[in-house]
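A.B. asks: Below: one structure in structure tokens.
We did not get these values from a lab; they are worked out from the coordinates using the rules stated. Here the structure is a predicted model, which means the values were calculated and not measured. When we count neighbours, we look across all protein chains shown, and the Cβ atoms used for this are built from the backbone with ideal geometry, even at glycine.
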Amino acid sequence: MQPIELERRREKMCSSELPLAVYREIAAHLQQVEGITTELITQQSQKFDYQQSQISCLSIEYPVKFDASCQKRVEEILDYYTKLYGSLQRESIV
């Protein structure tokens, strides 16, 4: 018998100013929340720019029926980084 796949939702979080290390730190913190998986999406620019992030965005995936306490924890983590580094753009991925 195969496990039943739960429906999952994806969104991406982007900021052109965040360095690779900060994206990795955010991903590590988010993955501590049960049900969260993350993926770093690399920058696709062919031109190197030291001031530009090496990461295009962070993909966040979680169950559609996400526990309210887990959702609250995710928001707390993202709010913390927003306070430290400024606006983080978030959008749903279809």
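A.B. asks: Would you check which residues across segment 55-73 are loosely packed, with under 13 Cβ neighbours inside 10 Å, within 11 Å of ARG9 (Cβ to Cβ) and charged (D, E, K, R) and list them?
C.D. replies: Within segment 55-73, LYS65 is the sole residue that qualifies.
A.B. asks: Only residues that are under 18 Å from ALA27 (Cβ atoms) and touching a strand residue (DSSP E or B) at 6+ places or on another chain (Cβ under 9 Å): list them for segment 64-80, please.
C.D. replies: Answer for segment 64-80, where residues must be under 18 Å from ALA27 (Cβ atoms) and touching a strand residue (DSSP E or B) at 6+ places or on another chain (Cβ under 9 Å): PHE66, CYS70, GLN71, VAL74, LEU78.
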